[in-house]
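Everything below concerns the one structure shown next.
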Amino acid sequence: MADNGENATGVPANGAGPAAGSGRKRRRRRVWLAATVAVAVLLAGTAYAASRFWGGSAPAQTARPGTPAPTTPTPSPTPSPTPEPGADIKGPLNLLLVGVDTRISKPGWEPHADAVLILHVTKDLDRAYLFALPRDLVVQIPRFPKANFPGERTKLTHAMSYGSRVPGRDKRPDTAQGFQLLSATVSAYTGIKRFDAGAVLTFGGFDELVDALGGVELYIDQRVVSRHREPDGTHRALRGGGYVGPQMVYEKGRRTLTGWQALDYARQRYTAGGAYTRQRHQQQLIRAMLVKILSQDLARDADRVRQVVRSLGDALTFTSGSGSDIVDFGYALSRLRPEAMTLVALPGSGVGRGSGYRGEQLTPVSRKFIAELRAGRADAYLAANPKLVVRN
């Protein structure tokens, strides 16, 4: 954590940058519940956090002088026990989590999959493995008639874009449709036959989600210089094909990051290790958010979960192959804890060189991990290849 309660910019953590004005303070109250649901969905498998995060115990009521004491209602007969939501959800489970850059300020901008993560939950639903696929991974994107897409071998990030296209004039891109093609592409590449659920979260509101949690604590494992943000949080100007102006710097060490800082830090790929470092930072951020959520002492309220999911609108897309909703998955995965989530880094290398660069490919060790995961032998494989495990 930064010294003296400061965040990574050196300013007080409750007032970083221009986004910390009175408008944001009002929005924080409004998005608090939305934040917890969206983060839980992003974590998939940890939707338990959302299901525990609502309401808590009601505040004590102070009676006015002379007010009669409330009467104790007559207890109702105990109803017959009913199954908890999600009681029919069985492991193992595979969940596809996608962070999408939508550029909503640009009309017609097609969503790009900027972060593609897979969460595999074991048969007993008490342990999980989280790993990322490079956005520039060269894959075969299959034919997709809904978008009039003929199929192409190209970068994974484009699957969301191509799939989101809605034939017809002036049709807005469809993120849910794009997710269908991305899911089919990832399934074909990894050999994971089906995803039991998936979540797409746009980056536009991500910073507010983190702020609603009060920020997150991360160990910054290397000095990172932002290409996109100035130290006060404003976006750097884009001129002549490049960014100009002062740059935000994240110094090595344990820090508390605000929303815009967390998103900015996790998206930087011009670092030592490039895109693979960015994947690690995204995984670390997800775990940090999970830890923060589970540190709260609040109770379940399925109705409010659904209410908040609806309030998120286009910022969140949740889908499941069985038709089960977020509440079902939340209850089913209630035993999952942060310490039971193993972060796995899959190394890769570039395809092509210089101006002929085509994208990324996973190493044989990485591809073997996915095969061993499908076979239920992930623990043994990671024990034999400990460098794949993200420790920080």
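Summary of values
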quantity: Local electrostatic count at Ser187 - Lys and Arg +1, Asp and Glu -1, tallied over other residues with Cβ under 11 Å; calculated: +2
quantity: Residue-span extension gain [Arg239 to Lys368] - 0.36 nm each, minus C-alpha spacing; calculated: 42.1 nm
quantity: Least to most buried among Glu230, Glu152 (fewest other Cβ within 10 Å first); calculated: Glu152, Glu230
quantity: Net charge over other residues, Cβ less than 15 angstrom from the Cβ of Ala371 (K, R count +1; D, E count -1); calculated: +3
quantity: Debye, to nearest 20: dipole size of the stretch 117-165, +1 on Lys, Arg Cβ, -1 on Asp, Glu Cβ; calculated: 220 debye
quantity: Positive-pole candidate from Thr175, Thr185, Pro145, dipole of the stretch 120-209, charges at beta carbon; calculated: Pro145
quantity: Arg353 versus Gln140: modelled label distance in nm, points set 7 Å from Cα along the beta carbon direction; calculated: 2.8 nm
quantity: Fewest-first sequence of His281, His120, His228 by Cβ atoms within 10 Å of each Cβ; calculated: His228, His120, His281
quantity: Cα coordinate range in the stretch 167-282, projected on the principal axes (Å, largest first); calculated: 42, 35, 30
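Values quoted throughout were computed directly from the atomic coordinates according to the rules given, and no laboratory measurement underlies them. Remember, it's a predicted structure, so these values are computed and weren't measured experimentally. Cβ coordinates were reconstructed from backbone atoms using ideal geometry, including for glycine residues, and neighbour counts include every protein chain displayed.
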